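Below is one structure; the comments refer to it alone.
The values are calculated or read from the model by the stated rules, or taken from the named source; none is laboratory data. Treat the numbers as computed from the prediction; the structure is a model and nothing was measured. With ideal geometry, Cβ positions are generated from the backbone for all residues, glycine too; neighbour counts draw on all protein chains shown. Just the protein is used for accessible areas: all its heavy atoms, side chains included, with ligands, DNA and RNA removed. Shrake-Rupley method; radii C 1.70, N 1.55, O 1.52, S 1.80 Å.
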Amino acid sequence: MLELRDIYTNYDHIRALKGISLTVREGEIVALIGANGAGKSTTLNTISGIVKAAKGAVLYNDKNITKSSTHSIVKGGIVQVPEGRAILTTLKVIENLELGAFIRKDSHQIKNDIESVFSRFPILEKRANQLAGTLSGGEQQMLAIGRALMAKPKILLLDEPSMGLAPLVVKGIFGIIREINREGTSILIVEQNARMALQISNRGYVLETGRIVLEDSSASLLTNKKVIEAYLGG
Amino acid sequence: MFLQQIANALALSAVYSLFAIGFTLIFGVLEVITLAHGAVFMMGAFAGLIAVTKFNAGLASTLLVSMIVSGLAGYLIDLIAVGPLRKRKFHHLAPMIATIGCATIITSTYQGIFGAEAYRFPFDFVPSTSYDIVGIQLTLLQLIIIGISLFLMVVLIFFLNKTRWGKAVRAVAENPRTAALLGIPVEQVFRLTMSISSAFGGAAGVLTGLNFNTIHTFMGGPILHRGIAVIILGGMGDIRGAMAGGLILGFSEILSVAYISSDFRDAISFGLLFLILLVRPSGIFGKVIERKG
């Protein structure tokens with residue numbers, strides 16, 4: 001349902017992506033792993049239309065969205081949870097969730113969906129009227145994911161959901177990511193924590209300095225010698 | 001005597017706050033100090049004047065006309081001058097200079113049409129009755145000015161806190177990129193903010209025209225300086241700060257005229273602002289902003 005065809009993206013005059021091609025099929029979890037600066041976030045930002053590809057095409061359900069605006073891409077169902085969570089710290093937790101549903105107009109259903117985010121993340125209900133900036137790192141990640149779900153995404157782009165979180169919290173978050181996927185949302189996940197990402201995904205791509213150097217099922221990537229050496233800590 | 005000064009100060013402060021609230025909102029959302037806000041204020045005053053003198057408009061429709069004309073001006077300033085620079089990623093300085101250009105074009109065009117003389121509203125536009133409220137003599141005009149200003153500010157705060165688009169404005173103020181990732185059309189929010197804020201500037205313009213019963217083409221300059229002082233004092237981008245700052249400036253001006261000398265009005269009130277900034281450099285409600293990178 002999502003396909004990148006030979007994408008080149010420049011970022012601050014640096015060639016960040018040099019011919020990336022990848023696909024995400026309906027119902028899949030796809031992992032994009034690689035070192036810092038390999039171009040993982042740039043890939044997601046190109047899909048979301050925050051940076052525009054210089055060459056190549058982003059296809060979504062066979063429609064070319066390479067030049068679409070970010071908000072129309074979100075409207076179409078591709079929703080990103082950016083790196084470092086990027087929650088709105090000066091707004092309340094509940095307001096963050098309401099804004100997650102900005103593209104929707106079914107206000108009654110929105111209320112129900114806020115309730116279901118609360119039942120998925122009970123801590124957010126407790127903190128509903130607090131400023132989002134007062135949340136802990138793990139709670140912020142939950143809010144960021146919950147907020148993205150409010151847009152009813154067809155594809156969820158997750159940028160480093162494990163960043164800066166304690167191992168136990170990461171485990172919880174990944175469990176929830178799997179759950180969201182089982183409920184029918186396709187997921188493209190970018191991670192430095194390659195092991196975690198490959199354990200929950202169906203397929204994976206390895207990104208090195210703007211190029212995809214390896215692509216395989218996640219199970220085989222987990223046993224691939226090169227991957228083990230470079231990304232799974234020997 | 002003192003109580004009378006309070007009435008004057010309240011009316012003056014109300015208009016300062018109204019002017020500054022839009023000014024600070026633009027800064028908070030667009031991160032641009034729009035130096036055309038004074039010219040937009042003047043446009044509002046003239047639009048109101050024409051509505052009254054040529055079309056016999058009542059108070060409510062006069063206010064509405066002022067806000068529409070100024071709001072439209074703000075929309076166009078963003079469309080023509082600020083927006084294109086934003087898209088080309090020239091932040092802060094270039095858009096600010098572009099707004100100086102807009103101010104100059106607007107002001108000189110108006111001077112070409114209206115000349116340099118002062119205009120007045122008809123004498124009986126607001127009846128000169130006055131009321132005694134807790135010992136303070138307030139004229140009907142002062143009550144109207146204070147009432148309208150407060151009403152508009154409450155409406156704006158309600159909009160920002162309770163409505164879908166208002167929350168979107170606050171989201172963009174914090175982080176345009178995150179806002180875009182939520183599906184918020186950021187460009188539209190920028191333009192909406194410029195329009196609403198400019199409409200408030202226009203309302204402040206017509207109320208000032210009524211307050212002093214003088215309207216002239218260069219009335220935008222002094223209010224612009226005061227507006228800048230008020231939003232710095234209150235904390236850049238902070239709505240409460242603009243309201244508090246307007247109150248402080250209005251009171252210090254009126255009281256220094258009443259008890260010291262009108263010659264030193266600006267020296268005293270701006271001196272006071274410096275003193276406050278020495279104690280709180282980021283303004284009353286301002287957050288300390290660290291430079292990144």
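Counting only other chain Cβ atoms within 10 Å of each residue's Cβ, the peptide A:88-96 averages 4. When A:83, A:98 are compared by accessible area at a 1.4 angstrom probe, the order from most to least is A:83, A:98. Work out, in µm²/s and without decimals, the Stokes-Einstein translational diffusion coefficient of region A:1-80 at 37 °C, 0.692 mPa s, Rh from Kirkwood over C-alpha pairs. This corresponds to a translational diffusion coefficient of 259 µm²/s.
Our helix-only sum for chain A, with -39,500 (n - 2.57) per DSSP H run of n ≥ 4 divided by its residues, gives a mean residue ellipticity at 222 nm of -11000 deg cm²/dmol.
With the convex hull drawn over the C-alpha atoms of region A:63-190, the volume per residue is 109 Å³.
The alpha-carbon atoms of chain B define a convex hull whose volume equals 138 cubic angstrom per residue. Kirkwood radius, region B:1-104, all distinct C-alpha pairs, inverse of mean reciprocal distance: 15.2 Å. Residue B:92 sits with roughly 100 Å² accessible to a 1.4 Å probe, with DNA, RNA and ligands left out of the calculation.
As a calculated quantity, the FRET efficiency between residue B:80 and residue A:229 at R0 = 56 Å, using C-beta atoms, amounts to about 0.45. For chain B, which whole percent of the accessible surface, found with a 1.4 angstrom probe, sits on carbon and sulfur atoms? Taking all protein chains in place, chain B shows 70 percent carbon and sulfur surface. Taken along its three principal axes, the alpha carbon spread of region B:167-279 comes to 55, 36, 18 Å, from the longest extent down to the shortest. The alpha carbon radius of gyration of region A:141-211, expressed as a multiple of 2.2 N^0.38 Å, is 1.09.
For the pair A and B, the buried accessible area comes to roughly 1900 Å² in total, with a 1.4 Å probe and the value rounded to the nearest 100. Calculated on the Cα set of region B:89-143, radius of gyration then Dmax: 20.3, 55 Å. Going from the isolated chain to the complete set of protein chains, region B:180-224 loses at least 10 Å² of heavy-atom accessible area (1.4 Å probe) at B:180, B:181, B:182, B:183, B:184, B:185.
Region B:148-168 and region B:202-242 have Cα centres lying 19 Å from one another. Karplus-derived 3J(HN,Hα) values for region A:181-191, using 6.51 cos²θ - 1.76 cosθ + 1.60 with θ = phi - 60°, are 5, 5, 7, x, 9, 6, 9, 10, 10, 9, 8 Hz; glycine and proline are entered as x.
Averaged per residue, chain B has 46 square angstrom of accessible surface, using a 1.4 angstrom probe with ligands and nucleic acids left out.
Find the Cα radius of gyration of the protein assembly as shown, compare it with 2.2 N^0.38 Å by division, and give the number to two decimals. Working it through for the protein assembly as shown, the quotient is 1.16. A simple rule links phi to the HN-Hα coupling: the Karplus curve 6.51 cos²θ - 1.76 cosθ + 1.60 with θ = phi - 60°, which for region A:135-143 gives 6, 6, x, x, 5, 5, 5, 4, 4 Hz, with x for Gly and Pro. Evaluated at q = 0.07, 0.09, 0.12, 0.16 Å⁻¹, the base-10 log of the normalised Debye intensity for chain A, with identical point scatterers placed on the Cα atoms, takes the values -0.21, -0.36, -0.64, -1.14.
Size descriptors for region B:101-214 (Cα atoms only): Rg and Dmax, in that order, 19.3, 55 Å.
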